[in-house]
Amino acid sequence: MKDGASGKGGGPVVSKSARIATRNRERFRSLHLFTVNLIGAPGSGKTALLERTAREFAGRMAVIEGDIKTTLDSERIRAAGVQAVQIQTGGECHLDAAMVERAAGEIDLESIDVLFIENVGNLVCPSSVDLGEDAKVALTSVAEGDEKPAKYPALFVRAAAVVINKIDLLPYVDYSVERASSDCRKLKPSVEIFPLSVKTGERFAAWMEWIEKGREKARGRRARS
Amino acid sequence: MRTVAQYAEGRKIVAVTVDVGPLAGVSADALDFCAVETAKEMGLGEPRIKIQQVPVVFKCSCGREYQAVDPLEACPSCGGYGREIVSGMDVVIREVELEDTK
């Protein structure tokens, strides 16, 4: 490909979606937002995590909700008192950067500090799609089994943080938080791991501190610019 | 295919060689099917898509660089996991073969 004829190349394929993701990231950063792309299986508790986060967070946040169908999740988030925009993909198994760009246009970004993007419930397809976020967060629950990091490495090598939800169910399931955490660290040594229960609030404070730290860091970008 | 088309300069594409990393999150079968269909639609011919499944390349903090198909494989030198991923997260176009022009 070097001379415009047959030949050998080497650079990664940069898609149109990746270019829009870069545009999103520049926009979010210029507004000093901390943006999180939340990825987890259906039923792992993504919306519940964000509902509780909305109630406990001292700062200002908004949520972009991705689902194949229905506006149920954005209604739940709004009931928790924050702005929420619903994307209905109509069948697509993951969000892409263009969908996020359009949804972000409906949010008053100037009025918030943290933007959560809740991806479509899926541990596979959303993993490698950049939306322009600061951090990917993988959400898994103890009911799903502790082999999830090993089975879905494409997600867990990219996740800056992993939330292990539903620890209140640990007495009833065979789940080793140690095994799951150890696999997560093997795949990404710098990962932050938060075993917690959204339902009971147990160990939820550590997650909130991480969000707060992300917000502070995003503010720091403001101080330097 | 749009990336590939830039280099075709109006010629038909005979074959494309693509490296798919185990952590790219890309299905080889789907990529094969879609790339051929897209090429046909773009009037670029019906290229053969040669997909090479490449291993993950790690650089360990002990200095060793190693390859593994299983991303949970420890460093063969120190047995540790304090490592960075060098490659294996991307789809890389290695080679584009174009038809001969007269």
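The values are calculated or read from the model by the stated rules, or taken from the named source; none is laboratory data. Because the structure is a prediction, the values reported are computed rather than measured. Heads up, the Cβs are rebuilt from the backbone with ideal geometry, glycines too, and the neighbour counts pull from every protein chain shown. These area figures cover heavy atoms from the full protein model, side chains too; ligands, DNA and RNA do not enter into them. Shrake-Rupley method; radii C 1.70, N 1.55, O 1.52, S 1.80 Å.
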In this model, which of A:LYS16/B:LYS12; A:LYS46/B:LYS59; A:LYS69/A:LYS217; A:LYS136/B:LYS12 are farther than 31 Å apart at the alpha-carbon?
-> A:LYS46/B:LYS59; A:LYS69/A:LYS217; A:LYS136/B:LYS12
For segment B:1-84, what is the charge dipole size about the Cα centre, in debye to the nearest 20, if Lys and Arg each add +1 at the Cβ and Asp and Glu each add -1 at the Cβ?
-> 240 debye
Could you tell me what percent of the accessible area of chain B is made up of carbon and sulfur, with a 1.4 Å probe and every protein chain present?
-> 46 percent
Roughly how many debye, to the nearest 20, is the charge dipole of segment A:103-149 about its Cα centre, given +1 on each Lys and Arg Cβ, -1 on each Asp and Glu Cβ, and no other charges?
-> 240 debye
Cα pairs beyond 25 Å in the protein assembly as shown, in percent, come to 56 percent
Counting helices only, and only those DSSP H runs with n ≥ 4, report the 222 nm mean residue ellipticity of chain B as the sum of -39,500 (n - 2.57) divided by its residues, in deg cm²/dmol to the nearest 500.
-> -6000 deg cm²/dmol
Ignoring ligands and nucleic acids, what accessible area does B:MET42 show with a 1.4 Å probe (Å², nearest 10)?
-> 80 Å²
Put +1 on the Cβ of every Lys and Arg and -1 on every Asp and Glu Cβ in segment A:70-223; which of A:VAL82, A:VAL163, A:VAL120 then has its Cα farthest towards the positive end of the dipole?
-> A:VAL163
log₁₀ of I(q)/I(0) at q = 0.23, 0.29 Å⁻¹ - segment B:43-94, Debye sum with one point per alpha carbon | -0.83, -1.12
Heads up, segment A:45-140 by the C-alpha gyration tensor (a ≥ b ≥ c square roots of eigenvalues; a/c under 1.5 rounded, else a/b over b/c prolate, else oblate) looks rounded
With +1 on each Lys and Arg Cβ and -1 on each Asp and Glu Cβ, how big is the dipole of chain A about its Cα centre, in debye rounded to the nearest 20?
-> 780 debye
By the rule of another cysteine's Cβ lying under 4.7 Å, the cysteines of chain B that fail to get a partner are B:CYS34
GNM of chain A, Cα pairs under 10 angstrom: of A:LEU123, A:LEU169, A:LEU139, the biggest fluctuation goes to A:LEU169
Can you give the accessible area of A:ASP168 in Å² (nearest 10), computed on protein heavy atoms with a 1.4 Å probe?
-> 50 Å²
